[in-house]
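None of the figures in this text is laboratory data; all of them are computed from the coordinates on show. Just so you know, these numbers come straight off a predicted model, no measurement behind them. Every residue, glycine among them, receives a Cβ derived from its backbone with ideal geometry; neighbour counts consider all protein chains shown.
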């Protein structure tokens, strides 16, 4: 039966994330964007909240909670409302944990999942995006070739979060026309992490280029073993996560612009009293809500293990456009002040632009 | 629990409505577009009979009913509006009337010949600015009757309610012009009441099967009991008043339904485009990066995403109503968005289909004309945007005009 009301448990989780974000993330996010660093205590506090461990089964030392993409979108929106860089950093280990939980072989689960259940943040990451304008996750230029019972990986990757610190990588490569995942451990010969990238937005998130030169991985490191992985589902889980984050970023920008418009006076009254501004804000609110609901529907379908390619793609397409138009309008509502770094709307505008690029950088 | 699954009953209702739309409605669509003031008598009789087997008014509509209306309008929005029933008049009686009034005025819609109910708000001098209504209601204390005088226009189904059946129109009139909104009251005027007559039936851009009428009230006398709610004028310095609030409460219920109607027309156009492409062997490849899509794929997907966005907002507003949650903001969001989306989808579909879109041989051009009404009636897109803006800013009507 159709319902738009989160469960009690989901509401508790959302409240917990809101509290964390207000108490910690929102206190420092502006400086983090300037300095490019995230204080480690924030990452540690987030780790203790159990976003990653909660959905890892008990037999692998996790908390054994129910895995739900829908709950994941609720968390992703709130974290991204706090700050997109920190949201991506905090949820980065999921880039490996989620695919292994869902599609890994028993061996892979046994070998890797317990390492996500310790006391300290586990730096693990995935490498999907490639540095070219016509990047397509379904036809990668990074290749995986069978060689002596293992695989040789070759290619260039970019936007790999936390690569310098990560001890575990999930590298996506083209294997005979299909995208498959390969678990690569830190220090594997041929895996080279380059300098940290400098991006327009998500400046507090450390991302890297990465190159693979005849990087040899054993056959058993292919995600899902001989059966391989369902990359379409991984991509959909990512689209849903990113759409939810787009909603979070847009909501942050909208709320700031709305409050500003009520305080800023021009011609003797708040600028929000003029329809030119008020209608802009109304349209922003409508599109934010619409995107959230579309994202929920796609996540709900994923939770039922149904093919959600259409729903996730449409939600992501809408979210990409929405994030840009809402954050752009937020800057516009503030006028000249929106362009000044004293106000955070320019940060959200830079971050919002990224969603069309961020394929595979977050997952629920 | 967030859930998007329809119950099997809801699905059955939708399937039946879709089948009816394909088999019964669509074949009549073009004829009644081109024969504007003719009545589809068989269809009306059929619909009346179906309602007798368990239909409902506009209020209390849930998700299933909204999706049924969506399917009806996928068939034909004009013909959907011709369906007999208490309509917006019934909605007003339900929100504002006493139990006795509900029994007295609504009973007719469950018996005998087909009947219609309508709502008369707009006047030649005021549309969205409903508080500026000039139609007066004066109590004649000698006879204990209200005497109504004025002119009401753009009454959807007005002719069928007043001339073609023993129906009724709920007329909004002021009992005190100096009191603004506080003086505005709804009155039930039954068909056949002396002094009330239909003056004109409009020729329209679309939804031509539905009559849009002008009602003249010339010393029209109605019993005292025909006022809905209290006759007392309570002046309030700021904010809305009780009488007007009830009118607005009706809109909270009807606006999501208008959104559902808009979506029906929008999906009809989208389905037409997708079928035409499929016939030519042109697939819509979801999941591809945007730069790999053809222009036509991109257009279709953008329209589908916009459709989905409006659909979700509509479902949420209807769901909230069915849960008895206040939904003014969400109802206006749904209405504003659906109006924009149906206008865009139908116009883009005509463009994309080229000569097929513009030709009257097919229905696309008709849907473009039909769809536009949803951005206008029950509050224009701009009025709904204004309501959304006031709500999100927590502004009164004085603070945001």
Per-residue [θ]222 nm for the protein assembly as shown (sum of -39500 (n - 2.57) over DSSP H runs n ≥ 4, rounded to 500)
-15500 deg cm²/dmol
If I take every Cα pair under 8 Å that is 6 or more residues apart in chain B, average their sequence separation and divide by the length, what percent do I get for the relative contact order?
16 percent
Tell me, how many Å apart are the Cα centres for region B:140-154 and for region B:288-305?
57 Å
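Show me the ranking of peptides B:155-166, A:209-220 by mean Cβ neighbours inside 10 Å, starting with the highest.
Numbers: B:155-166: 24.0, A:209-220: 18.2.
Per-residue Cβ counts within 10 Å, averaged per peptide and sorted highest first, yield B:155-166, A:209-220.
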For helix A:69-82, report the angle its Cα long axis makes with the longest principal axis of the Cα atoms of chain A; keep it between 0 and 90° and round to the nearest 10°.
50 degrees
Determine, from the Cβ-Cβ distance of residue B:113 and residue B:34 and an R0 of 35 Å, the FRET efficiency 1/(1 + (r/R0)^6), rounded to the nearest 0.05.
0.80
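Just want the ordering: A:81, B:48, from fewest to most Cβ atoms lying within 10 Å of their own Cβ.
In increasing order of surrounding Cβ atoms, one gets B:48, A:81.
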Between region A:329-351 and region B:321-382, what is the C-alpha centre distance in whole Å?
33 Å
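Peptide B:287-293: average number of partner chain Cβ atoms within 10 Å per residue?
Details: counts 14, 6, 9, 5, 5, 4, 1.
Whole-number average of other-chain Cβ neighbours for B:287-293 is 6.
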Helix B:242-279 sits off the longest principal axis of the Cα atoms of chain B, rounded to the nearest 10 on a 0 to 90 degree scale, by 20 degrees
Mind checking which of A:236, A:174, A:22 has the largest fluctuation in a GNM of chain A, springs on alpha carbons under 10 Å?
A:22
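Only bridges with both residues in region B:118-174 count here: give the DSSP antiparallel percent, nearest 5. Display every interim value, and only then the final one.
Working: 6 of 10 bridges.
Percentage antiparallel, nearest 5: 60.
How do A:115, A:85 line up, fewest other C-beta atoms within 10 Å first?
Numbers: A:115 16, A:85 26.
Going from sparsest to densest Cβ surroundings: A:115, A:85.
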Could you let me know the centre-to-centre spacing of region A:229-267 and region B:99-124, using Cα atoms, in angstrom?
46 Å
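Starting from the Cα-Cα distance between residue B:278 and residue B:396, subtract it from 0.36 nm times their residue separation and give me the gain in nm to one decimal.
Details: separation 118, 0.36 × 118 = 42.48 nm, distance 5.04 nm.
Additional length available on full extension: 37.4 nm.
Can you give the FRET efficiency to the nearest 0.05 for residue A:49 and residue B:163, using r as the Cβ-Cβ distance and R₀ = 56 Å? Let's see the in-between values first.
Working: r = 68 Å, r/R0 = 1.21.
In this case the efficiency is close to 0.25.
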Using the alpha-carbon atoms, what tilt in degrees (0 to 90, nearest 10) does helix A:94-103 show relative to the longest principal axis of chain A?
50 degrees
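Per residue of B:329-335, what is the mean number of Cβ atoms on other protein chains within 10 angstrom of that residue's Cβ?
3
Residues of B:5-11, mean number of Cβ from any other protein chain within 10 Å of their own Cβ, rounded to a whole number?
Values: counts 6, 2, 2, 0, 1, 2, 0.
Per residue, the average neighbour count from other chains is 2.
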Point-to-point label distance, residue B:41-residue A:58, nm (Cα→Cβ direction, 7 Å offset)
7.4 nm
Just to be sure I understand: with springs between alpha-carbon atoms less than 10 Å apart, which residue in A:338, A:352, A:268 has the highest mean-square fluctuation in the Gaussian network model of chain A?
A:268
Any idea what Rg and Dmax come out to for chain A if you just take the C-alpha atoms, in Å?
20.5, 78
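Can you put B:263, B:277 in order of Cβ neighbours within 10 angstrom, beginning with the fewest?
Details: B:263 32, B:277 17.
Listing B:263, B:277 from fewest to most nearby Cβ atoms yields B:277, B:263.
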Is the C-alpha gyration tensor of chain B telling us rounded, prolate or oblate? Criteria: a/c under 1.5 is rounded; beyond that, a/b larger than b/c is prolate, otherwise oblate.
prolate
Let me make sure I get this right: for region A:111-229, a, b and c are the square roots of the gyration tensor eigenvalues over alpha carbons, sorted descending. Under 1.5 in a/c it's rounded, otherwise prolate if a/b > b/c, else oblate. Which is it?
oblate
Just to be sure I understand the model, the point goes 7 Å from the Cα along the line to the Cβ. What's the resulting residue A:178 to residue B:351 distance in nm?
4.1 nm
Rounded if a/c is under 1.5, else prolate if a/b beats b/c, else oblate: with a ≥ b ≥ c from the C-alpha gyration tensor eigenvalues square-rooted, which is region A:123-192?
oblate
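Using R₀ = 41 Å, calculate the FRET efficiency as 1/(1 + (r/R₀)^6) where r is the Cβ-Cβ separation of residue A:267 and residue B:298; round to 0.05.
On the way: r = 42 Å, r/R0 = 1.01.
So the FRET efficiency works out to roughly 0.50.
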